[in-house]
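Colleague: One structure coming up, written as structure tokens, with questions to follow.
The values are calculated or read from the model by the stated rules, or taken from the named source; none is laboratory data. Computed from a predicted structure; not experimentally measured. Positions of Cβ are generated from backbone atoms using ideal geometry, with glycine treated the same way; all protein chains shown enter the neighbour counts. Keep in mind that these areas ignore ligands, DNA and RNA; they rest on the heavy atoms of the full protein, side chains included. Shrake-Rupley method; radii C 1.70, N 1.55, O 1.52, S 1.80 Å.
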Amino acid sequence: MKKITDVFASLPEVKKILCDNRDGKKVSVFGVQNFSRALITALAGNALVVCSDFFTAGKFARAVRCFSEKVVVLREREETLLPGSSSPSLRERFTALGDAVTGKADVVVTTAHALMQLYPRRDEFFSHIIRIKKGDEVDPDVLTAKLIENGYKREPQLSDACRFARRGDILDVYPVNSAVPYRIEFFGDEVDR
């Protein structure tokens, strides 16, 4: 497969598209087959692809994934993005936005309808991302306050995303972009587990 991408990328027309994209020029590609469009998108990266409907967006994203894993689909909204609300589509939307903002995704595939929603500025969205790993020094009270500021609800037991529970040195958090909750164990202010 690497050989096909190398041969394709060496074609003069494709080289020009890739060079223009690298130079920061706006690039639009019309009149090519889906396979070629997906391959050009994967090779170019750093792309926003707007499709006519969600079915087409999903199909195109799967085609691009044949060449690159750094692809996300930004779903059309089914509800308003409100702090404390949760659903599978909301989880997928936050994951896609997070991957786009943090650089985990080079290609975002979506629809015009999905783009109609107001989104937070990139720096504002990024400032609400919380990353914690074993060995980090984090004040559990400050972390709890940050979760509340981000719209999470404190509950005695986790039931859904955007919720957290704290019992002593244990903090259970159900992130909006995760299918499962996480347990953080503290030893003082150090993340022990």
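Colleague: Does Thr144 satisfy being touching a Cys at 6+ places or on another chain (Cβ under 7 Å) and surrounded by 14 or more Cβ atoms within 10 Å (Cβ to Cβ)?
Modeller: So Thr144 fails the test.
Colleague: Among the residues of segment 41-59, write down those that are assigned to a helix (DSSP H, G or I) and hydroxyl-bearing (Ser, Thr, Tyr). I'd like the intermediate steps shown before the answer.
Modeller: Step one: filter segment 41-59 for residues assigned to a helix (DSSP H, G or I), giving 41-44, 54-59.
Within segment 41-59, Thr41, Thr56 meet the criteria.
Residues checked against (1) under 24 Å from Thr102 (Cα atoms); (2) of a type outside the set (Ser, Thr, Tyr); (3) open to solvent by 90 Å² or more (accessible area, probe 1.4 Å):
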{"site": "Phe8", "(1), (2), (3)": "no, yes, no"}
{"site": "Leu11", "(1), (2), (3)": "no, yes, no"}
{"site": "Val14", "(1), (2), (3)": "no, yes, no"}
{"site": "Asn34", "(1), (2), (3)": "no, yes, no"}
{"site": "Thr41", "(1), (2), (3)": "yes, no, no"}
{"site": "Asn46", "(1), (2), (3)": "yes, yes, yes"}
{"site": "Val50", "(1), (2), (3)": "yes, yes, no"}
{"site": "Asp53", "(1), (2), (3)": "no, yes, no"}
{"site": "Gly58", "(1), (2), (3)": "yes, yes, no"}
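Colleague: Let me ask something else about it. Mind checking whether some residue in segment 77-92 is in contact with a strand residue (DSSP E or B) (Cβ under 9 Å, 6 or more places away or on another chain), of a type in the set (D, E, K, R), at pLDDT below 85 and in a helix (DSSP H, G or I)?
Modeller: The answer is yes; a qualifying residue exists.
Colleague: Right, here's the next one. Which of (1) open to solvent by less than 90 Å² (accessible area, probe 1.4 Å); (2) in contact (Cβ under 8 Å) with a residue 24 or more places away in the chain; (3) of a type outside the set (A, V, I, L, M) does Arg77 not meet, given it meets every other one?
Modeller: In the conditions (1) open to solvent by less than 90 Å² (accessible area, probe 1.4 Å); (2) in contact (Cβ under 8 Å) with a residue 24 or more places away in the chain; (3) of a type outside the set (A, V, I, L, M), Arg77 misses (1) alone.
Colleague: Okay, next question. Answer yes or no: is there a residue in segment 17-26 that is open to solvent by less than 30 Å² (accessible area, probe 1.4 Å) and small (Gly, Ala, Ser).
Modeller: no
Colleague: Here is a further query. Where in segment 102-193 are the strands (runs of 3 or more DSSP E), entirely inside, with at least 2 residues that are without any contact (Cβ under 8 Å) to a residue 12 or more places away in the chain and at negative phi? Give the steps one after another, and end with the answer.
Modeller: Details: elements: 107-111, 163-167, 170-174, 182-187.
Fully inside segment 102-193 and qualifying: 163-167.
Colleague: Another question about this same structure. For the list (1) open to solvent by 80 Å² or more (accessible area, probe 1.4 Å); (2) modelled with pLDDT of 90 or more, I need the number of the one condition that Glu185 fails.
Modeller: That leaves (1) as the condition not met.
Colleague: Right, something else. Filter segment 5-35 for residues that are outside any loop (DSSP other than H, G, I, E, B) and without any contact (Cβ under 8 Å) to a residue 24 or more places away in the chain and give the result.
Modeller: Of the residues in segment 5-35, the ones outside any loop (DSSP other than H, G, I, E, B) are 5-9, 12-22, 34-35.
Answer for segment 5-35, where residues must be outside any loop (DSSP other than H, G, I, E, B) and without any contact (Cβ under 8 Å) to a residue 24 or more places away in the chain: Asp6, Val7, Pro12, Glu13, Lys15, Lys16, Cys19, Asp20, Arg22.
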